[in-house]
Amino acid sequence: MRSSKPILLVEDDSADVLIITRVLKELEIKNKLVTTSNGEEAFEYLQKNENKKPCIILLDLNMPKMSGIEFLKIIKNDDKFRDIPVIALTTSQSHFDIAECFWHGIAGYIIKPIDYKKFVKAVRIMDLYWMLSEMPDEPRNDSMLEKLNIGYPDDNLL
């Protein structure tokens with residue numbers, strides 16, 4: 001997560017927002033933290049051109065107005081946003097929620113630990129993963145691939 005891009009936190013519980021803010025500070029993660037309290041607000045944030053595209057979205061699932069899963073479905077079906085990694089950070093242990101999130105393209109699913117030290121450990125592991133993971137600078141661009149005369153690995157399977 002060490003980039004100049006912000007982290008978008010979609011979380012309706014103010015206590016959890018404080019804990020996540022504290023954990024990011026403790027781990028010296030310097031990315032600006034942008035918080036919204038539901039999927040509707042998060043989508044409005046993403047649509048504003050003046051807002052910087054986040055490097056990652058931390059998403060609660062159980063929220064008013066627009067749930068995390070509804071938000072996930074919308075952004076993963078939108079070419080402008082589908083490349084943003086989304087991590088569910090939720091209390092839901094529902095097998096249905098987990099399966100549905102992965103079906104809709106979530107990058108990871110973390111059940112919020114109750115214990116603060118375990119919470120710090122979970123965020124540290126998530127941070128290490130995103131520091132080591134290679135991400136494209138630009139979203140998929142078919143015209144660029146056509147010019148290079150290459151396709152995606154699964155393009156030849158059809």
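Among the numbered criteria (1) at pLDDT 90 or above; (2) in a loop (DSSP other than H, G, I, E, B), which single criterion is violated by Glu100?
Of (1) at pLDDT 90 or above; (2) in a loop (DSSP other than H, G, I, E, B), only one is false for Glu100: (2).
For the range 5-14, does any single residue satisfy the condition of being under 15 Å from the mean Cα position of the chain (by Cα) and basic (Lys, Arg)?
Yes, the range 5-14 has at least one match.
Which residue out of Leu33, Leu18 is of a type outside the set (Asp, Glu), under 23 Å from Ile125 (Cβ atoms), surrounded by fewer than 20 Cβ atoms within 10 Å (Cβ to Cβ) and free of Cβ contacts under 8 Å to residues at least 24 places away in the same chain? So that I can check it myself, show each step before the final result.
Numbers: Leu33 fails: free of Cβ contacts under 8 Å to residues at least 24 places away in the same chain.
Just one listed residue meets the conditions, Leu18.
Surrounded by 12 or more Cβ atoms within 10 Å (Cβ to Cβ), in contact with a Phe, Trp or Tyr (Cβ under 8 Å, 6 or more places away or on another chain), at pLDDT 75 or above and within 28 Å of Lys30 (Cα to Cα): does that describe Lys112? Step through it out loud before you land on a result.
Numbers: surrounded by 12 or more Cβ atoms within 10 Å (Cβ to Cβ): yes; in contact with a Phe, Trp or Tyr (Cβ under 8 Å, 6 or more places away or on another chain): yes; at pLDDT 75 or above: yes; within 28 Å of Lys30 (Cα to Cα): yes.
Against the criterion (surrounded by 12 or more Cβ atoms within 10 Å (Cβ to Cβ), in contact with a Phe, Trp or Tyr (Cβ under 8 Å, 6 or more places away or on another chain), at pLDDT 75 or above and within 28 Å of Lys30 (Cα to Cα)), Lys112 qualifies.
Hey, could you check the range 72-90 for residues that are assigned to a loop (DSSP other than H, G, I, E, B) and touching a residue at least 24 places away in the same chain (Cβ under 8 Å) and say which is surrounded by the fewest Cβ atoms within 10 Å (Cβ to Cβ)?
Residues of the range 72-90 assigned to a loop (DSSP other than H, G, I, E, B): 77-85.
From what's left, touching a residue at least 24 places away in the same chain (Cβ under 8 Å): 79-85.
Values: Asp79: 8, Lys80: 11, Phe81: 18, Arg82: 13, Asp83: 15, Ile84: 20, Pro85: 18.
Ranking the qualifying residues of the range 72-90, first place goes to Asp79.
Being modelled with pLDDT of 90 or more and surrounded by 15 or more Cβ atoms within 10 Å (Cβ to Cβ) is the filter; apply it to the range 1-15 and report the residue that is farthest from Lys118 (Cα to Cα).
Here the residue is Pro6.
Being under 14 Å from the mean Cα position of the chain (by Cα) and more than 12 Å from Ile106 (Cβ to Cβ) is the filter here, so list the residues in the range 46-66 that pass it. Even if it seems obvious, please write down each step before you answer.
In the first step, residues of the range 46-66 are kept if they are under 14 Å from the mean Cα position of the chain (by Cα); the result is 46, 53-61.
Leu46, Lys53, Pro54, Cys55, Asp60 - these are the residues of the range 46-66 that are under 14 Å from the mean Cα position of the chain (by Cα) and more than 12 Å from Ile106 (Cβ to Cβ).
Tell me the residue from Leu59, Leu27, Leu46 that is of a type in the set (A, V, I, L, M, F, W, C), in contact with a strand residue (DSSP E or B) (Cβ under 6 Å, 6 or more places away or on another chain) and surrounded by 13 or more Cβ atoms within 10 Å (Cβ to Cβ), please. Please lay out each step first, then the result.
Values: Leu27 fails: in contact with a strand residue (DSSP E or B) (Cβ under 6 Å, 6 or more places away or on another chain); Leu46 fails: in contact with a strand residue (DSSP E or B) (Cβ under 6 Å, 6 or more places away or on another chain).
Just a single option satisfies the conditions, and that option is Leu59.
The values are calculated or read from the model by the stated rules, or taken from the named source; none is laboratory data. Here the structure is a predicted model, which means the values were calculated and not measured. FYI the Cβ positions are ideal-geometry reconstructions off the backbone, even for glycines, and counts take in every protein chain you see.
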